[in-house]
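The values are calculated or read from the model by the stated rules, or taken from the named source; none is laboratory data. Source: prediction; values computed, not measured. Here the Cβ positions follow ideal geometry from the backbone for every residue, glycine too, while neighbour counts run over all protein chains shown. The protein model used for the area step is the full one, side chains on, heavy atoms only, and it has no ligands, DNA or RNA in it. Shrake-Rupley method; radii C 1.70, N 1.55, O 1.52, S 1.80 Å.
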Amino acid sequence: MEMPLRRRVICIFLLTVWVQLNVLLGVLLQATTTMGFAVLSVVLLLIISLVFRVSDAIRPLKEGPMIDAQGREYKTVSLEDSSRPTHESKTTVRVECTEVSMIIFIQADFYNNGRLVSPQELFLGDAKYWKNKQCQALDAGDGEYVIEADLQDCGSKLMVIGNNLIYSNNLILSPVVGSLGITRATGAVVPVSCHYKRVHTVSSTVQQHPPSVSISSEFAMGSSPFSLRLKTDDWSAEKYSNTVYLGDPLHLEVSYSGLDQRKLFIDLCVATLTADSTSVPRYCFIENHGCFVDARDGGLNSVFKPRSTTSSLQFQFDAFLFQDDLRNTIFVTCEVKATRQLWKSSPTNKVCNYINSSWKNVDGLDGVCQCCKGVCSKLTSKGKLYLELVYQHQLMIQYFIALHIFVFQMIFVIL
């Protein structure tokens, strides 16, 4: 079937634009060593603007104007569903009773928060039974653990109430303390029981409650242009209640409110039990000029968020407590800075996440994050020049690939 004339004209036009982009971007790639980055940015913005203008011009060529029944031209706007998914809590412990034993099934996601507990952290009875194999949890597969114990074992207690025989016990969750001396989950005691009637009717009960241990954070605010604020879960507003549950993610925002435009960076953040950031115990969860090391050390939710503005940074991490300390208030102190270099990253000006066992820079140019494996320091003049050239080439290649994909997509849509 012969292609309509209009589509053939559009295809020839797009192919011509594609060839011109190849030539122009090739010249720009060679010129990065002599042209300033600001000049290249302006040229690239002009190219992108031209491409989008071309795309706007192609639509009416292909389809004609959108006209309603009354002859009026109109445009369409797509709306995204902004509703947030609701979290449904579910019971993570259930008990089955036989005539001679109590069988307890425990979900690995014990607190319904995505953090999995291990079977070594679960046992039946008090502390003296945690080494008893019959009282310990075993991995049953599919994210579930199981404990099967005889009715009289693991410290079970028998009560006779009326015509009922009740064997009761406690399921214990004792979180493992990390090598850095912090814990991200609270211990839990879940009462479990099996009920029997003298006519051999069997039933079971589980009394499971959310952890009652909470953690609070206090932030000192002064007249400095820098601020550190606790945010709501959707980041839309400041959170005025400073109480959170152990293991839940904390949402924090650091911002710079000076009169001049600057780019904000976090050098380090440390958690302590007093307002003195040098006190002991202390846990440094961001260090080395912007390396979020807590994600490497077991923080499932520890991440810098993509920037919304250059003068602020949002990050989150799981609430934790220090080992063997009853105080439930954590002081967070961060060393931050604001630089006038709005477009450059360096080993001392970076925002690095630890994702899939590798370091990624929120601002691009992941190479500056490689020093997170060691010590990050300032570059020599030769190193700065090399890093800048690598950065410019990476940006050029990204624009080059993106524009190629765009042109090919336009051709396929037309065909």
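Relative contact order of the range 93-197, taken over Cα pairs closer than 8 Å and 6 or more residues apart, is 25 percent.
Taking 7 Å steps out from each Cα toward its Cβ at Asp234 and Glu335 produces label points 3.8 nm apart. Rolling a 1.4 Å probe over the protein heavy atoms of the range 290-366, with every protein chain left in place, gives an accessible area that is 47 percent carbon and sulfur. Here is the tail figure for the range 93-197: Cα pairs spaced more than 20 Å apart come to 39 percent of all pairs. In this simple spin-label model, placing a label point 7 Å from the Cα along the Cα-to-Cβ direction at both Thr274 and Ile166 gives a separation of 4.8 nm. A Förster distance of 45 Å, applied to the separation of the beta-carbon atoms of Leu158 and Thr243, puts the FRET efficiency at 0.65.
Placing dummy labels 7 Å off each Cα toward the beta-carbon, the span from Ser377 to Leu138 is 5.6 nm. Given a 1.4 Å probe and every protein chain left where it sits, what share in percent of the accessible area of the range 93-197 is carbon and sulfur? The value for the range 93-197 is 53 percent carbon and sulfur by accessible area. Normalised per residue, the accessible area of the range 93-197 is 50 Å², obtained with a 1.4 Å probe and no contribution from ligands, DNA or RNA. Look at where the Cα atoms of the range 100-145 and of the range 246-318 average out, and the two centres are 34 Å apart. Put simply, the amide H of Val192, placed in the peptide plane, has neighbours under 5 Å in Asn169, Asn170, Leu171, leaving out anything fewer than 5 places away on its chain.
Taking all protein chains into account, the per residue accessible area for the range 273-364 stands at 46 Å² (1.4 Å probe). Here the calculated FRET efficiency for Ser227 and Ile103, from their Cβ-Cβ distance with R0 = 56 Å, stands at 0.60, rounded to the nearest 0.05.
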